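Bear in mind that the values in this text are calculations on the coordinates, not laboratory data. Quick caveat, the model's predicted, so the values are computed rather than measured. Virtual Cβ from ideal backbone geometry, glycine too; neighbours counted across all protein chains shown.
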Amino acid sequence: MTSARDRMQADLRTAMKVRDSVRVSVLRSALAALANAEAVVPGDQSSTPVAFGTTEVPRRELSEADEHQILAREIDELQTTADELRQHARADDAADLDVRATILNEYVHG
C-alpha cells in the first residue's frame, strides 16, 4: 500500500502533464505542508557542519497517521475559510476552496 504522500507525488506529475492547475496547486501546497512538518525545531537540532555557514540537519520522519493529521488540518483550514467567505457573500471563492478540500480529502480518506 502506498502512502498518501507517494500518491500525491504521483498525482502531481499526472496533473502537471494534463495541466490541471488547481490540482497542481493543491498538491504542491499539501506536499510543502508535509515537508515543513518534517523540519526540526532549531533549538532541538544536533547538526554536522558541512561548510562555512551551513549545517546538515536530519529531518523528522512522519508516520502515515502524522501525514493524515496534517492533511486533515489543511482541509479544516480550507473549509473554515470557505465558510467565512460564504458569510461575506463570496460564494465563488468559497466554492474554489471546497474543490481544494475535496481534492485533499481523496488522500486522507482513500
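Considering only the other residues whose Cβ falls under 13 Å of the Cβ of Ala91, what net charge follows from Lys and Arg at +1 and Asp and Glu at -1?
-4
Report the full-extension gain for the segment Met16 to Arg28: residue separation times 0.36 nm, less the Cα-Cα distance, to one decimal in nm.
That works out to 3.3 nm of additional length.
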